[in-house]
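Q: Structure provided below as structure tokens; questions to follow.
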Amino acid sequence: MATIAENPPSRHDHLAAAIVAGRAPAGMRPGALRAALTAWDAWSEARGHDPDALTPQAAADFLAARLTEVDNPRTAFAGFADFQVAAALTWEVAQAAPLASILREARMTEKSAPADRWSRAAVAVAGLPDDWRGPFETLLTVSQTKPRSAPLVWSAARIASVASALRMWRAFRGTSSLTPTAGGFSDWARAMEAAGAAPMSIAAYLGRVLAGFEKVLTPDIVYDGPAVIADRHRVSAMRAPRVRSAARRTMPASTVYALGIAMTAEAEAAPVRRIRTASLFRDGLLLAQAAALPERARALSALVFDVTLHLEADDFIHYAIPGEALKRSERRKAAAAFHARLRNPRLHRALTVWRDAFRPMFDDQPWLFPSGQNRDHPLTEESLGEIVRRVTAARLGQRISIHDIRGCVATELIETDPARGAAQASAVLRHRDPAVTREHYDHAEGLVACAGWDAAVKRRVCGDRPDLDLGADT
């Protein structure tokens, strides 16, 4: 007796099964998913396209057609977003992943490039009074070109901060003389204290105004009285208790690293790979990277595949960070790049998966940390810092910064191995003077607050300590 062959399940059958199994993301309406898949079928039939063949080009053409059929583009974008989810539940997750970048590309608008550090300094200088602006504009030009004969070269951040402090000093003095005096500095310090400024901030503003006059505006004059007041506030600020102490912002660096790796795994296991999923992977990778190689945000923002970051064989990662992205005196930024070679299997794998599967969902550029809002430029150091603060507050219950992670690494190394930890921490953080590590980064309090780096150093958990080439930075 002949048997009748059953038809294989259709795409709609696969979608229905996925919905029943609870694989659809929370908040998705089953009816919207079914309608999106039906719209794809109708478009494919009208175009003579095989509806089973989900290709990036076909999906892009489908979205373009939907945009011409509706009055409000948001309706087409919302429908395509539903189709992206339906496709991930119907086809393979990886096969549907390119739809995220198609939707993002269609929705993005042209945006101007983020201002670089010299542009920000120029804006700060432009806000100075006319008689102050000229000397600072000269300093700005000289600092950018760095001629050997220049008597003074400042970083862009230094120029901007001093210019900002001078504007504040001028606003406080009003019609009074702007020349720094001991009495004027004392009055300004009391006014800032009354306004709620922290002791360290008051000391910084006094010091910046003093530097602005003695180094730039009137370099032939020494202001002894104001210098005494500024120094007094600096010493007092160093002794004052912190409103939010570094010790309170210290947690195990290995905990930050583990959270980052866990977030990448969470993104990889998601049933639908949308931009928010790729962003989850990116943010986790940022945490893991910051803990594995504790550099400042400006250095992390300079990481670019095959330029400043190289994935090598045997789970080695090679970093070549240019001097421009390091915290150095402005004259030394042109020196050779800082190199580090780190063997870290889990981070190496995360970087590989990111490069091959998730990174292309943003754009086709090589920088490590892409922006979700600007396809033509990577995330700035300020954006990277905000991501770390937001994620650690939400997932670890403590809002810490990228710079705080450096302290977490140093503290964990020192607490884990009191005999050798300080030397190791100084090498990892690239401090020329170990006293800097002890004074500003060692937050040990007799408790092992950062246990875990002992395994990292012994190549058991996070890979070994970076094999640093310190010759270019000593």
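The values are calculated or read from the model by the stated rules, or taken from the named source; none is laboratory data. Given the structure is predicted, the values throughout are model-derived calculations rather than measurements. A quick note on method: Cβ atoms are made from the backbone with ideal geometry, for glycine too, and the neighbour counts reach across all protein chains shown.
Q: Checking Ala113 against (1) in contact (Cβ under 8 Å) with a residue 60 or more places away in the chain; (2) part of a helix (DSSP H, G or I), which test does it fail?
A: Of the numbered conditions (1) in contact (Cβ under 8 Å) with a residue 60 or more places away in the chain; (2) part of a helix (DSSP H, G or I), the odd one out for Ala113 is (2).
Q: Sticking with this one: Tell me which of these Pro25 doesn't satisfy, since it passes every other one: (1) within 39 Å of the chain's Cα centre (by Cα); (2) under 19 Å from Leu89 (Cβ atoms); (3) at pLDDT 85 or above.
A: Of (1) within 39 Å of the chain's Cα centre (by Cα); (2) under 19 Å from Leu89 (Cβ atoms); (3) at pLDDT 85 or above, only one is false for Pro25: (3).
Q: I need the full set of residues from segment 180-199 which are without any contact (Cβ under 8 Å) to a residue 24 or more places away in the chain, surrounded by 15 or more Cβ atoms within 10 Å (Cβ to Cβ) and within 32 Å of the chain's Cα centre (by Cα), in order please.
A: Correct list: Met192, Ala197.
Q: Identify the single condition in (1) within 23 Å of Val125 (Cβ to Cβ); (2) buried (at least 16 other Cβ atoms within 10 Å of the Cβ); (3) among the hydrophobic types (A, V, I, L, M, F, W, C) that Ile202 does not satisfy, given that it satisfies every other one.
A: (1)
Q: Are there any pairs with C-beta distances below 7 angstrom linking a residue in segment 120-134 that is in the same structural domain as Glu381 (by TED's automatic domain parsing) and exposed (fewer than 12 other Cβ atoms within 10 Å of the Cβ) to a residue that is at pLDDT 95 or above and not charged (D, E, K, R), with the two at least 6 apart or on different chains, and if so which?
A: Matching pairs, first to second residue: none at all.
Q: Looking at Ala357, Ala337, which one is among the aliphatic types (A, V, I, L, M) and touching a strand residue (DSSP E or B) at 6+ places or on another chain (Cβ under 9 Å)?
A: From the options Ala357, Ala337, the qualifying one is Ala337.
Q: Further question: Within segment 267-277, identify whether any single residue is buried (at least 17 other Cβ atoms within 10 Å of the Cβ), in a helix (DSSP H, G or I) and in contact with a Cys (Cβ under 8 Å, 6 or more places away or on another chain), and answer yes or no.
A: No, segment 267-277 contains no residue that is buried (at least 17 other Cβ atoms within 10 Å of the Cβ), in a helix (DSSP H, G or I) and in contact with a Cys (Cβ under 8 Å, 6 or more places away or on another chain).
Q: Taking the criterion of being within 13 Å of Leu210 (Cα to Cα) and in the same structural domain as Ala204 (by TED's automatic domain parsing), would at least one residue in segment 172-179 satisfy it?
A: The answer is yes; a qualifying residue exists.
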